[in-house]
1. Once the other residues with Cβ under 12 Å from the Cβ of Gly671 are scored (Lys, Arg +1; Asp, Glu -1), what is the net sum?
2. Using alpha-carbon pairs under 8 Å, 6+ residues apart, how would you state the relative contact order of the stretch 314-370 in percent?
3. Shape of the stretch 466-515 from its Cα gyration tensor (a ≥ b ≥ c, root eigenvalues): rounded if a/c is under 1.5, otherwise prolate when a/b > b/c, or oblate?
4. Taking only C-alpha pairs under 8 Å that are 6+ residues apart, what is the relative contact order of the chain in percent?
5. For each pair in Lys59/Lys174; Lys353/Lys488; Lys549/Lys652; Lys617/Lys707; Lys475/Lys571, compute the distance between the two Cα atoms and list the pairs where it is over 23 Å.
6. Considering only protein heavy atoms and a probe of 1.4 Å, how much of the accessible area of the stretch 621-730 is carbon and sulfur, as a whole percent?
7. Along the Cα→Cβ direction, 7 angstrom out, place labels at Glu75 and Ala514. What is the inter-label distance in nm?
8. Could you give the accessible area per residue of the chain, probe 1.4 Å, as a whole number in Å²?
Amino acid sequence: MLRQIGSRVQGLGREYALLFAERGAAVVVNDLGGSFKGEGQSTRAADKVVEEIKAKGGKAVANYDSVEFGEKLVETAIQNFGRLDIVVNNAGILRDKSFARISDLDWDLIHKVHLRGSFSVTRAAWPHMKKNNFGRIIMISSAAGIYGNFGQGNYSAAKLGLVGLSNTLSIEGKKYNIKCNAVAPTAGSRMTETVMPPELVAALKPEYVAPLIVYLCHEDTEETGGLFEVGAGWVSKLRWERTNGAVCRTASTKMTPESVRDEWQQITDFDNATYPQSAADTTRHLIGILSDLDGGLGGKKSTKSTSSSSNGINVELAKAAKIRPSTFTYGPKDAILYALGVGYTTKDEDYLKFLYEGSEDFSIVPSFSILASQASSAGIFTGGIPGLSVDVTKILHGEQYMELYKPFPPNGKLTSQARVVDVLDKGVGALILIDVDTYNEAKEKIAYNQSAIMVIGAGGFQGSKASPALKPMVKPPKRAPDASMAEKTGVDQAAIYRLTGDRNPLHIDPSFAAMGGFKQPILHGMCSFGYATRHVMKTYANNDVSKIKAIKTRFSKPVLPGETIQTDMWKDGNRVYFQCKVVETGVPCLTGAYVDLYDGATEAKVTSQPSGGSNMKSNAVFEAMKQQLAGKKDLVKKIKAVFGFEITKDGKTAAEWTADVKNGDGAIYQGKPKSGKADCTIVISDDDFVDLVSGKLNGQTAFMQGKMKLKGNMMLAQKLGDLFKDQAKL
């Protein structure tokens, strides 16, 4: 048997409750019993309806709580009837005033009852409906919300808000058999008495509305996400209508207020209009617009194009284009998300190195470099530069080359400069070569990327077929692989990787993937690239990111999330050739690939005490600590530990100090511990160290924010306070 919550039962609410009860539903009748302005309170209104229902043999109980406390209404239903199937959000008040006279109270009260009240009751009911795999929800909206009405700015905003909420709930509730619809009734009630003549109030009876509400809540009704007007026995469904509109720019001209003005007639012409039903409809439409930018405004060929061919390609214009530099700011959170996106898990032997910012050797996967590169070249294919007017739906990532000049620090702000270095005519398409140089805040070049992008169908412009600028692929040796590593990707791998910045719906939306000819969303090519980088780095570099010098690959075939990537590797000197295939199908996905390694262990890591530390601010602190220790030899007995300090500048170790508060009378000196390994080593920047000692920076906060890293016995760090106690005056 259905259960129903009706709200505000003097008029429409009463009629809903009576009809539901007549049809066999057990009803919770909710009403505060106040005036239509939301003033006062009485139990009489709800009690009277309950009495009517029971007099006819029906089941009903009253509830007098405000809809703000939705859980109390739902609790009443569960306690009395054991379950909840239907919610009719009908609670409402009026505080009509012209916009200039609406007070904060007038606005807040209307939204508290209409919008927040509906949210509160529905949120409380939602888990019960999910558990039962059944639910019917009605949001009572209003013509004032749909069309607006003088003196009802607060009311109309809340009522249209209910329509938006209903639309979203219809989407989220679909897999749980929860249907949600919005209804805008017109009927005589306490509220409409203020805006309608008496004879019309009398004629528009509530019983001409209630049958629609009951029908939409029936278990056989499939309607969801609808918006209906109802009154006087008339029922109508509404939908959005959209003009065909106009494109107010071309690939080579900007959109301006004047271009909008010139196309206004077409923008507002509803002849041959369309009827969008979802946000996805709009997205697909916009993607189609982007793919047809060279078609000009209104579907006519543009006479303003600067392309020298019918394919929208002008090589010299593209190469001469000045692309604005882009910035990419990141922190440990971004680096960890990327590591998760390319397959790192807590099951990996040394996962802390890539997944925990507090790790003493926290590192960023070298292929992370692509994120800054993609940010720089993102606008090239959407009319961003002259000479490249192409169909963005025909773009494929063909090849990728990457050079790394130093490891990425945990935090950074990178600047990248992209340029088109060549466009090759491959017949079936155009191969666009984009070079991107990436610099750190010190203006040091830390990475270089080259992306080879194929645009299917854009060939035939009589251009060059080869270019010395293209980084060549290589074939692996003909012998059996020297090493292999296979790893299953997660079913949500593409969903995770896209959060790093590549939001192409091809990798998440099944309907969009189907448009591209794929049975399901595919994995990003650069995600597979990241897997291969990890495999080579683990096998031949002991996961030392500083050893990776360059990476090159071609994207041959896509990988589906959940499939297994196997990387076969051949080592020859400092070059590791590799090829990846999908284990389940045996089809190669990355080919012509290699990783070049740097000589030696690490060029980027400090292997000896650096010079130039004489201007470090921390030096004064350590000198003062020397004097303190000389006068307080009891500290040795109290602390009993050897501390090592690695003081950094710009992410690099710039000075090392030892505080031996364990042996003899104790000693503080520059350099590594003379007695062997430190019991606890503190890694911290010069500025942060001074703030830490002076008390400006809390030690626990510094550790949690990654400003201070600890090696060895971390618990000993608690004794640093005794060592620093007299340094605050510095």
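The values are calculated or read from the model by the stated rules, or taken from the named source; none is laboratory data. It should be emphasised that the depicted structure is a prediction, and the values quoted were computed from it without experimental measurement. Cβ placement follows ideal geometry from the backbone for every residue including glycine, while neighbour counts extend to all protein chains displayed. SASA here: full protein model, heavy atoms, side chains in, ligands and nucleic acids out. Shrake-Rupley method; radii C 1.70, N 1.55, O 1.52, S 1.80 Å.
1. Local net charge: -1.
2. 26 percent
3. Because a/c hits 1.5 or more and a/b fails to exceed b/c, the stretch 466-515 counts as oblate.
4. 7 percent
5. Check vs 23 Å cut-off fails for Lys59/Lys174.
6. 49 percent
7. Taking the simple label geometry, Glu75 and Ala514 are separated by 4.6 nm.
8. Ligands and nucleic acids excluded, the result is 48 Å² per residue.
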